[in-house]
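Here is the structure we will look at, set down as structure tokens.
No value in this document is a laboratory result; all are computed from the given coordinates. Quick caveat, the model's predicted, so the values are computed rather than measured. Here the Cβ positions follow ideal geometry from the backbone for every residue, glycine too, while neighbour counts run over all protein chains shown.
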Amino acid sequence: MGRNVAQKIISRHLVSGKAVPGQPIAIKIDQTLTQDATGTMAYLQFEAMGIPRVKTKLSVSYVDHNTLQTGFENADDHLYLQTVAAKHGIYFSRPGNGICHQVHLERFGVPGETLLGSDSHTPTAGGLGMLAIGAGGLDVAVAMAGGAFHLTMPEVIAVELTGQLPPWVSAKDIILEVLRRLSVKGGVGKIVEYTGPGVKTLSVPERATITNMGAELGATTSIFPSDEMTRDFLRAQGREEVWTEIVPDPDATYDAKITIKLDKLEPLAAQPHSPDNVTEVSKLADVTVQQVAIGSCTNSSYTDLMRVAEILKGKTVHPNVSLVIAPGSRQVFRMLSENGALTHLINAGARILESACGPCIGMGQSPPSGAVSVRTFNRNFKGRSGTADAQIYLVSPETAAATALTGKLTDPRTLGTPIEIKLPKTFPVDDSMIIPPAAEGAKVEIRRGPNIKPLPMNKPMTEEISGKVLLKTGDNITTDDIMPAGAKILPLRSNIPAISEFVFSGLDPDFVKRAKENKGGIIVGGVNYGQGSSREHAALAPMYLGIKAVIAKSFARIHKANLINFGILPLTFTSEADYETVNQGDNLVLKNVGERLQTGAVITAVNETTGKEIELDYDLDERAIKILLAGGLLNYTKQNQN
């Protein structure tokens, strides 16, 4: 039986387990990446392991999220990241060099290798044929220390692409169509592999747009084959020597398949407040728009922004629209400057931002109250923009540029003659803002600002877990809901006592007060609890507040792993009806937890407020149970080093 691309890469990296869907496996990690919103904690955790130098083939630390320096905190953290990278064998991409996923695609990605990143959009590198997976910072720290990455072997589903995209329809519309069909939870426990004749019509930047937003499906990762298109891109980047062909066998099998006819697609938009709330742009012509934002790790490549520049050339942005544009990397920024495209953008009235995540992570450019903001980003969760009542639409760069000119959500097909932008045969390569690690790391002194606080540690799990239900949530709660980002909160990412004051602040301003008054407790959630970003602070800060367990209908993959990593027990209701019987303020008692976990017995929660008993499930392998009993992955790792 033939193998698909994902199976080929996993089999070459398998450390333990059998690559059978649903079974626990461990894979060797070749490369890691971190970004500054998650990296400080990842490196504090790596330091705690006492290992002098990373053991991966390559590890890179990027600064791209927290580049607004409104106080000392961000600048201090950048110094910490630069010095800890120099000491421990990690490359450091300086602020201004670009968004981690765009730069990694350009300068470091290698087909057929594995990449683990402390950012949920790490699968962007799947556009190059890498097996690239987002994870919590602690998992990345363990990988840098030489440890394997543990996961449940996913199913591999094929998205067969046929035909060719019509004019004015782009890669963003492909992934929006996949989201419309599968939903934000449709990829949980799955790898999405793109196949079919339509694959050859897509460049690597277009493929990367698609794999990037596979994170919104909840997928473990998304991947394209490594073919001649991949080779062309790497040759243009001066890295052809790392190319290898990786394509599915002719008789490769998949666990499921959907087919998308590219020639039948039209421009699409994800409406508020979910990436899977997708409809045709042509149906939204009455939507008046106040802001357009172009960029992010999804749509900030050279070809994306060249199309925007050509659309805006000789025109002026609508007087009621604020247009902001952020090139994805210094390489892209330089190319736009040298070929005159940047002048077209500026003349049209665009505000040019630095090469960073910026508005996508709530770092500036929050829209006005009640405004409509049309963005080329990957997430439109309520409040993520920094404006609680803003309406965020996700679209392609072509749709965004057309909208900026008209002031209404505009189908780019109304613009007339199509614009064709081809990849250059060579990209200008300048890695001067990527600093290699010091040859003698032992001589490097790590700089620690006053905002960097000691890493909080959990205690081993007790046999009895009891506490009040501090909060009961609905479905699809995001990590933005649990641990908000933005310019006010993100600078506190290396200060857990301070950042914990904002847990659930958008959903329930009194949550932290209740947690402190009750010395911790239990959270009850709905379906897909913890979807969204990989930020482990959404588990670490609740742990600091004393949360011992989260009981939900189901969990998003990365957040569930993060809960385990910090010693918070993730449990699921055996019946959705039981969810209805539990209310905020109820007191729950779970007895003999450790014993039941180790013997596979059912865990029962006694609701002392109502007298009702509820049976709870746990989908935990032997290793996860040991981590929970130890009080988290860091404790477990230390125990197993001795």
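What are the semi-axes of the equivalent ellipsoid for the stretch 283-342, taken as the square roots of 5 times the Cα gyration tensor eigenvalues, largest first, in whole Å? List each step's numbers first, then the result.
Details: eigenvalues 104, 37, 19 Å².
So the three semi-axes of the stretch 283-342 are 23, 14, 10 Å.
Please rank H121, H273, H318, fewest neighbouring Cβ atoms within 10 Å first, as an exposure proxy. Mind dumping the intermediate values first?
Numbers: H121 29, H273 17, H318 20.
Going from least to most buried by this count: H273, H318, H121.
What shape does the stretch 343-451 have by the C-alpha gyration tensor, where a ≥ b ≥ c are the square roots of the eigenvalues, rounded means a/c under 1.5, and otherwise prolate means a/b greater than b/c and oblate the rest?
Oblate.
Using a 10 Å cut-off around each Cβ, can you sort H104, H65 from fewest to most neighbouring Cβ atoms? Don't skip to the end; give the middle numbers.
Values: H104 28, H65 25.
Placing the least packed residue first, the sequence is H65, H104.
If amide hydrogens are placed 1.01 Å from N in the peptide plane, which non-local residues have theirs closer than 5 Å to the one on T609?
Excluding prolines and chain starts, which carry no amide H, the hits are N587.
Taking the square root of 5 times each eigenvalue of the Cα gyration tensor, what semi-axes in Å does the equivalent ellipsoid of the stretch 264-380 have, largest first?
Details: eigenvalues 104, 50, 46 Å².
After diagonalising the Cα gyration tensor, the semi-axes are 23, 16, 15 Å.
Within 10 Å of each residue's Cβ, count the other Cβ atoms and sort E73, E113 from fewest upward.
Values: E73 21, E113 24.
Final ranking by Cβ density, sparse to dense: E73, E113.
Please compute one quarter of the surface area of the Cα convex hull for the stretch 193-264 and express it in square nanometres.
Numbers: hull surface 23.0 nm².
Mean orientational projected area (the stretch 193-264, Cα hull): 5.8 nm².
³J(HN,Hα) across the stretch 152-165 via Karplus (A = 6.51, B = -1.76, C = 1.60, θ = phi - 60°), whole Hz, x for Gly/Pro?
With the stated coefficients, the stretch 152-165 comes to 8, 4, x, 6, 10, 10, 9, 10, 7, 9, 10, x, 9, 4 Hz.
Below 8 Å between Cα atoms, with a sequence gap of 6+, how large is the relative contact order for the chain in percent? Spell out each step's value before the answer.
On the way: 1639 pairs, mean separation 93.3, N = 642.
Computed value for the chain: 15 percent relative contact order.
If you project the alpha carbons of the stretch 495-543 onto the principal axes, what extent comes out on each, in Å, largest first?
Sorted from largest, the Cα extents of the stretch 495-543 read 28, 25, 18 Å.
Looking only at the stretch 55-73, which residues have a backbone nitrogen under 20 Å from a spot 7 Å from the Cα of A48 in the C-beta direction?
Inside the label zone: 55.
Farthest toward the dipole's positive end in the chain, which of Q23, L353, M130, given Cβ charges of +1 (Lys, Arg) and -1 (Asp, Glu) about the Cα centre?
L353
Between E595 and D430, what FRET efficiency follows from the Cβ-Cβ distance if R0 is 51 Å, with the result rounded to 0.05?
Details: r = 59 Å, r/R0 = 1.17.
Efficiency for this residue pair is about 0.30.
For S322, list long-range residues whose amide hydrogen, built 1.01 Å from N in the peptide plane, is under 5 Å from its own amide hydrogen.
Q291, V292
Would you kindly derive the ³J(HN,Hα) couplings of the stretch 512-522 from the backbone phi angles with the Karplus curve 6.51 cos²θ - 1.76 cosθ + 1.60 (θ = phi - 60°), listing them in order in whole Hz, with x for Gly and Pro?
Listing the rounded values in order: 4, 4, 5, 4, 5, 4, 9, 6, x, x, 10 Hz.
Give me the distance between the Cα centres of the stretch 156-171 and the stretch 424-484, rounded to whole Å.
35
Please report the antiparallel percentage of DSSP beta bridges with both residues in the stretch 268-413, rounded to the nearest 5. The partial results should precede the final answer.
On the way: 5 of 18 bridges.
Bridges in the stretch 268-413 are about 30 percent antiparallel.
Compute the projected area of the convex hull of the Cα atoms of the stretch 320-396, averaged over all viewing directions, and report it in nm² to one decimal place.
Working: hull surface 20.6 nm².
Mean projected area for the stretch 320-396: 5.1 nm², to one decimal.
Which translational diffusion coefficient, to the nearest whole µm²/s, is obtained for the stretch 467-554 from the Stokes-Einstein equation, given a Kirkwood hydrodynamic radius over C-alpha pairs, 4 °C and 1.567 mPa s?
Working: Rh = 12.8 Å.
Roughly 102 µm²/s, to the nearest whole number.
Specify the inter-centroid distance of the stretch 47-80 and the stretch 241-259, based on alpha-carbon positions, in whole Å.
When both Cα centres are located, 35 Å separates them.
Just subtract the alpha-carbon distance of S575 and T406 from 0.36 nm times their residue separation and send over the number in nm, one decimal. Display every interim value, and only then the final one.
On the way: separation 169, 0.36 × 169 = 60.84 nm, distance 5.01 nm.
Difference between extended and current length: 55.8 nm.
Once amide H atoms are placed 1.01 Å from N in the peptide plane, what residues at a sequence separation of 5 or more from G631, or on another chain, have their amide H within under 5 Å of its amide H?
Counting only residues 5 or more places away or on other chains, the set is M461.
Evaluate the Debye formula for the chain with equal point scatterers sitting on the alpha carbons, no solvent, and hand back log10 of I(q)/I(0) at q = 0.05, 0.09, 0.11, 0.12 Å⁻¹, in q order, two decimals.
-0.20, -0.69, -1.06, -1.27
Report the antiparallel proportion of the DSSP beta bridges in the chain as a percent, rounded to a multiple of 5. Don't skip to the end; give the middle numbers.
Numbers: 29 of 86 bridges.
Around 35 percent of the beta bridges assigned by DSSP in the chain are antiparallel ones.
Under 19 Å from a point 7 Å along the Cα-to-Cβ line of E280: which residues of the stretch 129-171 have their amide N that close?
164-171
Which whole-Hz couplings ³J(HN,Hα) result when phi for each residue of the stretch 212-222 is put into the Karplus expression 6.51 cos²θ - 1.76 cosθ + 1.60, θ = phi - 60°, listed in order with x for Gly and Pro?
Those phi angles translate into 4, 7, x, 4, 6, 7, x, 6, 4, 6, 10 Hz.
Output the relative contact order of the stretch 495-642, whole-number percent, from Cα pairs under 8 angstrom with separation of 6+ residues. Each step should come with its number before you reach the end.
On the way: 228 pairs, mean separation 28.3, N = 148.
Here the relative contact order equals 19 percent.
Let me know the shape class of the stretch 465-641, please: from the alpha-carbon gyration tensor, a ≥ b ≥ c as square roots of the eigenvalues, rounded when a/c is under 1.5, otherwise prolate if a/b is greater than b/c, or oblate.
On the way: a/c = 1.63, a/b = 1.17, b/c = 1.39.
Oblate shape, in that a/c is at least 1.5 and b/c is the bigger or equal ratio.
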